[in-house]
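The values are calculated or read from the model by the stated rules, or taken from the named source; none is laboratory data. What you see is a predicted model, and the numbers here were worked out from it, not measured in a lab. Using ideal geometry, Cβ is built from the backbone for each residue, glycine included, and neighbour counts are taken over all protein chains shown. Accessible surface areas use protein heavy atoms only, side chains included; no ligands, DNA or RNA. Shrake-Rupley method; radii C 1.70, N 1.55, O 1.52, S 1.80 Å.
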Amino acid sequence: MSAIVARRRPFVLRFNLHLVAAAVLTLVGLAVLASLFARAVTLTRGDFDAYYAGATALRTGAPMYTDALTWRDAGYSTMFPGPKPIPNSPYVYPPALAVALLPLSFLSPYTAGLVWLGLIALSILGTAYLFARFILPVPRRYVVPTTVCIGALMALFQPVRTVLSTGQIDSVLLLLLTASLVAFGRRSVWAGVFLAMAVAIKPTLGVLVLFLLWKRAYRSFAAFVAVSAVLVLPWFLVGLDGIRDYVAVAAYWSSPTFGVTPVNQAPYGFFLRLFTVNAFTVPIVDAPLVAKVLQLAVIAVVAVLLALSVHRSEVPMRQLALEYGLAVIATLLTGTLSEDNHFTYLVLPILAAFGVLVFGPRSRASLGLIAALAVVVVYLSQPGLTALDLANFEFWQGPVRGARVFLTGAHLYGLLALAALAFVAARRTRRAS
């Protein structure tokens, strides 16, 4: 009997050490989250002010897109080196978001901002929970510690820090995309429901519907169409004038005039800075057609690489998450406007890539990919990365010239590196399966 007890003691010791380590990591994660959100409380959250203004305009019957049209009429884009036409950021989203935020419009702007910050916190922890509970092979007793740790790491990611400081909605959209992924892996039509909710707020995410069709998820696609039809109803609240205003705003926000801003880290924005005359940079050569051709080439290459990486049949959950993550990366590479806060969506492919590499077959190659992925994440988390995008604001003194123009693609370089690593990881996982 004593021999049996002696053999069990090391197991009990290891188990307790695991619990202690989990408790310590949980406390550290909570401390990180508390400090970041305490700082965020003191900030202005200018983008949420735009959401609040849109919801208030809808409630009072005022035009929702007047400020955005003022930007258009002035030819203004974010960080334009000239006078700002209005003090605040304009509301540019479909009316569905304004409808969702109507309850907040009855609160004071400060109180509504605090409530919104709480929703951002819940969206970050919600995304972390979905990964810990349904995508990564985490034992049940460690789901809560893992959720807190993933949430803390997410909050340290520079695009997420931007969301915290500006009050952008991208963490909520990330939660909806992750929920759609989990539902898809569980063969639930809720995959289409959650995706429809995200697209109703940010229509550019609609290209992810192609992922459902490619995977033959026709029931989820039907659910997407049905819910999207319901979410069209808020358009009736703004009338024909509101619809025309939104179309005009959307056209301007996707135009070269707006897209050339260094805030835009899509390849198309970078090509515009390299090959068109603008207020931010001195182009290498004035050739707008080259910028357009290169954009179309990027779209074609991304489409081919996705087709080579994504199975049409069912795959294990972690592989599915990585395939979906590649589709998310594709939306940033092929879109006309990808700002640093939009890079919040990269949390999904980053966690998915770590999932297949850390919990998959071990080899020198996989360890090398894990190390490279960690380097890319650290790069994309640098505090000064946005300042590099903006060439340290040199364009406020005059257009940026020469090799310094390439500084305006700082986030884009990280996106391209992540895309390459995720593609290699997906191909390795596909061959293994």
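Solvent-accessible area assigned to carbon and sulfur over the chain amounts to 71 percent, based on a 1.4 Å probe.
Extending 7 Å from the Cα toward the beta-carbon at both residue 392 and residue 289 defines two label points whose distance is 3.8 nm. As a rough guide to protection, the peptides 22-30, 242-250 ranked by mean Cβ packing within 10 Å, highest first, stand as 242-250, 22-30. Give, to the nearest whole percent, the P(r) tail of the stretch 209-319 beyond 21 angstrom, counting all Cα pairs. It works out to 61 percent of all Cα pairs. Straight-line cross-link partners of residue 215 among the lysines, defined as a Cα under 23 Å from its Cα and at least 8 positions apart when in the same chain: 202. Model label sites at residue 277 and residue 187, defined 7 Å from Cα along the beta-carbon direction, differ in position by 6.1 nm. Our estimate of slack between residue 375 and residue 62, defined as 0.36 nm per intervening residue step minus the Cα-Cα distance, is 107.9 nm.
Against the chain, whose longest principal axis is taken from its Cα atoms, helix 190-201 shows a tilt of about 30°. The stretch 267-301 to the stretch 89-137: how many Å between their Cα centroids? First find each Cα centre; the distance between them is then 34 Å. Of the trypsin sites (Lys or Arg not before Pro) found in the stretch 200-231, the ones in coil according to DSSP and having at most 15 other Cβ atoms within 10 Å of their Cβ are 216. Taking the helices alone, the chain has a mean residue ellipticity at 222 nm of -22000 deg cm²/dmol, built from -39,500 (n - 2.57) per DSSP H run of at least 4 residues and averaged over all its residues. Please identify every one of the trypsin sites (Lys or Arg not before Pro) in the stretch 80-175 that sits in a loop by DSSP and has no more than 16 other beta carbons within 10 Å of its own beta carbon. Nothing satisfies the criteria.
Between the listed residues 18, 235, 264, the Cα displaced farthest toward the positive end of the dipole of the chain, a dipole computed from Cβ unit charges relative to the Cα centre, is found at 18.
Would you compute the Debye intensity of the stretch 188-234 from its alpha-carbon atoms alone, equal scatterers and no solvent, and pass along log10 I(q)/I(0) at q = 0.27, 0.28, 0.31 Å⁻¹ to two decimals? Scattering profile of the stretch 188-234, log10 relative to I(0): -0.94, -1.00, -1.17. A convex hull fitted around the alpha carbon atoms of the chain yields 163 Å³ per residue. For GluC sites (Glu not before Pro), the sites in the stretch 302-380 that DSSP calls loop and that have at most 13 other Cβ atoms within 10 Å are 314. Averaged per residue, the chain has 45 square angstrom of accessible surface, using a 1.4 angstrom probe with ligands and nucleic acids left out. Of the residues 198, 164, 148, the one whose Cα sits farthest towards the positive end of the charge dipole of the stretch 140-215 is 148 (charges of +1 on Lys and Arg Cβ, -1 on Asp and Glu Cβ, taken about the Cα centre). A simple spin-label model places the labels of residue 38 and residue 111 2.6 nm from each other, with each point 7 Å out along Cα-to-Cβ. Peptide packing for 51-64, 276-289, 169-182 was compared via the average number of neighbouring C-beta atoms within 10 Å per residue; ordered from the highest value, the list is 169-182, 51-64, 276-289.
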